[in-house]
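Values quoted throughout were computed directly from the atomic coordinates according to the rules given, and no laboratory measurement underlies them. Here the structure is a predicted model, which means the values were calculated and not measured. As a convention, Cβ positions derive from the backbone with ideal geometry for all residues, glycine included, and neighbour counts pool all protein chains shown.
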Amino acid sequence: MTSAMSEIDPEYVKHQYLYVPWTDKFDSFALGKALAFYVKDHFGARLTAVCPQKSNAEDHAELAKLPIVTERTGTVADGGVVLAFVPTRKVMAKVHRLSKSIVIMVEDPSERFEAWARLVGAYNLATRKLMSAGLSEAGTKALDGVVWEGYNGWHDSIAEMMTTKHLKDLAELGEYDRAIVIEFAAQRKGEHALKRLEKILDRFERAVYAVV
């Protein structure tokens, strides 16, 4: 067992989603790699690395021998252990639809995924606590409404008007969180549509949260 896993937490094998945030409390990369192999061995499952480019994994001897899926190549077979190593939003698009896999997210400082971890209820390796988006049933319904209005990629004024209504509902509930809205949508929509949604969020925030 590597030094990075010297303190074995039984919670490591109880959860479908494990989040290794970028932190100065420990070596995130070393812990993430050790954790992936520990979980893989515990369940006797296959381990796949998913990262932006092959070099992200190949620069680490332990990962270079694994099946590697990148932003541009490959798909992830559901049902094993998936190491999302220094992922980007494009990388996570290959992970979102997995329902039977254990996903270990190892964050890089260039792109943070706290919102993802909160939405999926991941176990946080830094805090040793389950994360939550804190959404009520009404809040989740409003987020579903935002995504529904983006069926055409939030491409017209009617879609923006209706999306803004759902955002106002979230704000009235005290549950509006830009990062959560974007991550919720990212799990269901493509990159170009998300850029249009972000512009709607910009206008919404200027209108609602402007300092008078």
Using a Förster distance of 25 Å, how high is the FRET efficiency between THR73 and GLU198, based on the Cβ-Cβ distance and rounded to 0.05? 0.40
Tilt of helix 137-149 relative to the longest C-alpha principal axis of the chain, in degrees (0 to 90, nearest 10)? 80 degrees
So if I take the alpha carbon set of the range 137-206, get Rg, then get Rh from the Kirkwood formula, what is the Rg over Rh ratio? 0.91
Additional length obtainable on full extension of the chain from LYS14 to ASP156, 0.36 nm per residue less Cα span: 46.7 nm
Per the C-alpha gyration tensor (a ≥ b ≥ c, the square roots of its eigenvalues), the chain is rounded if a/c is under 1.5, else prolate if a/b beats b/c, else oblate; here it's prolate
Around ALA117, what is the net charge, scoring Lys/Arg as +1 and Asp/Glu as -1 over all other residues with Cβ under 15 Å from its Cβ? -2
Which entries in LYS129/LYS165; LYS33/LYS54; LYS40/LYS195; LYS90/LYS168; LYS141/LYS195; LYS14/LYS141 show an alpha-carbon gap greater than 25 Å? LYS129/LYS165; LYS40/LYS195; LYS90/LYS168; LYS14/LYS141
Quick check: net charge around LEU197, other residues with Cβ under 12 Å of its Cβ, Lys/Arg +1 and Asp/Glu -1? +1
Computed E for ARG206/THR23 - FRET, C-beta separation, R0 30 angstrom, nearest 0.05: 0.40
Can you classify the range 23-90 as rounded, prolate or oblate using the Cα gyration tensor, where a ≥ b ≥ c are the square roots of its eigenvalues, rounded means a/c under 1.5, and otherwise it's prolate if a/b beats b/c and oblate if not? oblate
What is the dipole size for the chain, taken about its Cα centre, with +1 at each Lys and Arg Cβ and -1 at each Asp and Glu Cβ, in debye to the nearest 20? 460 debye
Rounded to the nearest 500, what is the chain's calculated 222 nm mean residue ellipticity when only DSSP H runs of at least 4 contribute -39500 (n - 2.57) each, over all residues? -13000 deg cm²/dmol
Around ASP177: net Lys/Arg minus Asp/Glu count, Cβ-Cβ under 10 Å: 0
Theoretical gain in end-to-end length, ARG178 to LYS65 [0.36 nm per residue, Cα-Cα removed]: 36.9 nm
Rounded if a/c is under 1.5, else prolate if a/b beats b/c, else oblate: with a ≥ b ≥ c from the C-alpha gyration tensor eigenvalues square-rooted, which is the range 13-130? rounded
